[in-house]
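Scroll down for the structure; my scribbles are underneath it.
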Amino acid sequence: MKMKEHTFNYEAFQADPEGYVFTEEDIRYLNARELEEYELTVPMTPYEKRALRKWVASGHGVHEHPASKYICLDGVLPEPDFLDVYRMDKDIEQKIRNKTPYERIAYLKEYIGYQDEDPQDGTGRSFCLAQEKVAKPLKQRIRRLHREVFYLWMFIAEEGLYSTAREYLDEHMDEQVPFEDSL
């Protein structure tokens, strides 16, 4: 990737590093330099290189990472860069490609360490879903609630609110919720 000629004002930066305001041109120039160095040191496929260049061209740095399509990266150390997330998502995508929706969800739950609190009957379904006494509409509602909880948790994770949500849960988990009396 060939960089455009850009003159970075090092004197102004060194005079007031705290107050220096980087222009969009400065950021593009620095990101392009970082990309060139990165491409020389990190082996990657042509597809990965194209995706990385697109990421940098959209205004991001090489070491910034996008949100994963599948899991939360909030608090992951060491901090992954674009290529780490890209490769992880491609790997997950390949592994869930020919699975049913239920198998995909089960795989992702296992991948992130999500565990249902209900005991298992060996089929991956909770006992309450396996009992024949439970009416079909109730089974469907329970399945929907399981999906909602899973996707809400994934949304929280993707928005970077995992640690805040976990703290809130830890503080309030033993409190009674308004509808608990009716159950």
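Within segment 44-76, being without any contact (Cβ under 8 Å) to a residue 12 or more places away in the chain and under 18 Å from Glu158 (Cα atoms) holds for one residue alone: Val76.
Taking segment 156-177 as the range and being part of a loop (DSSP other than H, G, I, E, B) and surrounded by 12 or more Cβ atoms within 10 Å (Cβ to Cβ) as the test, the residues that pass are Glu159, Gly160, Leu161.
For the criterion of being part of a helix (DSSP H, G or I), farther than 15 Å from Ala157 by Cβ, without any contact (Cβ under 8 Å) to a residue 24 or more places away in the chain and touching a helix residue (DSSP H, G or I) at 6+ places or on another chain (Cβ under 7 Å), Lys95 passes. Filtered by the rule that a residue be modelled with pLDDT of 85 or more and among the hydrophobic types (A, V, I, L, M, F, W, C), segment 64-107 gives Phe82, Leu83, Val85, Met88, Ile92, Ile96, Ile105, Ala106.
Residue check: Tyr111 meets all listed conditions (1) under 15 Å from Ala157 (Cα atoms); (2) at pLDDT 85 or above but one, namely (2). For Ile142, the requirement of being assigned to a helix (DSSP H, G or I) and at pLDDT 75 or above is not met. The combined condition, being outside any helix (DSSP H, G or I), of a type in the set (D, E, K, R) and either surrounded by 11 or more Cβ atoms within 10 Å (Cβ to Cβ) or within 21 Å of the chain's Cα centre (by Cα) (or both), is not fulfilled by Lys54.
For Thr123, the criteria (1) among the hydroxyl-bearing types (Ser, Thr, Tyr); (2) modelled with pLDDT of 70 or more; (3) surrounded by fewer than 10 Cβ atoms within 10 Å (Cβ to Cβ) hold in every case but one, which is (2).
The values are calculated or read from the model by the stated rules, or taken from the named source; none is laboratory data. Just so it is clear, the structure is predicted and the values come from calculations on it, not from any experiment. We place every Cβ from the backbone using ideal geometry, glycine too, and count neighbours over all the protein chains shown.
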